[in-house]
Amino acid sequence: MGWAGLLDLGYVAFFGFGAYGFALLSSSQLGRTASTCRPTCRVPIVMIGAAVLGLLVGWPSRRLIGDYLAIVTLFFGEAFVEFTNNVAPSVLDGPNGIVGIDPISVFGHQITTNTGYYYLLGDRAAW
């Protein structure tokens, strides 16, 4: 319920938007790579895009409370899942996701394994 006491069920769509946005910018999925832009500049681009998407979703629903806000946010989350799985499978590869993402370099070391990404971005308790 958060600090405001409002039930939000679709916030995962923003995580998905950010993940797919970064993957599209870091792979050759769209027919070209953004190799001139390092991951350190791709992340802010995706963050700004997610913020704009949040404004587009939040502006029309700013006066909703209670169950009505929960329904709108649940719809947004489910619409994102349906879009990624069914509407844009040629670009997003459906439920299989995007492969061939450029590795992230941290202090000169490239992270290429799932375990490396887990420790970079994953559970804080693992640290």
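The values are calculated or read from the model by the stated rules, or taken from the named source; none is laboratory data. All values reported here derive from a predicted model rather than from experimental measurement. FYI the Cβ positions are ideal-geometry reconstructions off the backbone, even for glycines, and counts take in every protein chain you see.
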So, first residue among the aromatic types (F, W, Y) in segment 13-32, second residue at pLDDT 85 or above and in a helix (DSSP H, G or I), Cβ within less than 6 Å, six or more apart or across chains; the pairs are F14/A50; F17/A50; F17/L53; F22/V46
Where residues in segment 95-121 are β-branched (V, I, T) and touching a helix residue (DSSP H, G or I) at 6+ places or on another chain (Cβ under 8 Å), which of them is modelled with the lowest pLDDT? V106
Just wondering, is there one or more residues in segment 100-109 that are in contact (Cβ under 8 Å) with a residue 12 or more places away in the chain, within 17 Å of F22 (Cβ to Cβ), aliphatic (A, V, I, L, M) and part of a strand (DSSP E or B)? yes
Inside segment 87-99, the number of residues satisfying the requirement of being over 29 Å from L64 (Cα atoms) and either in a helix (DSSP H, G or I) or in contact with a strand residue (DSSP E or B) (Cβ under 8 Å, 6 or more places away or on another chain) (or both) is 7
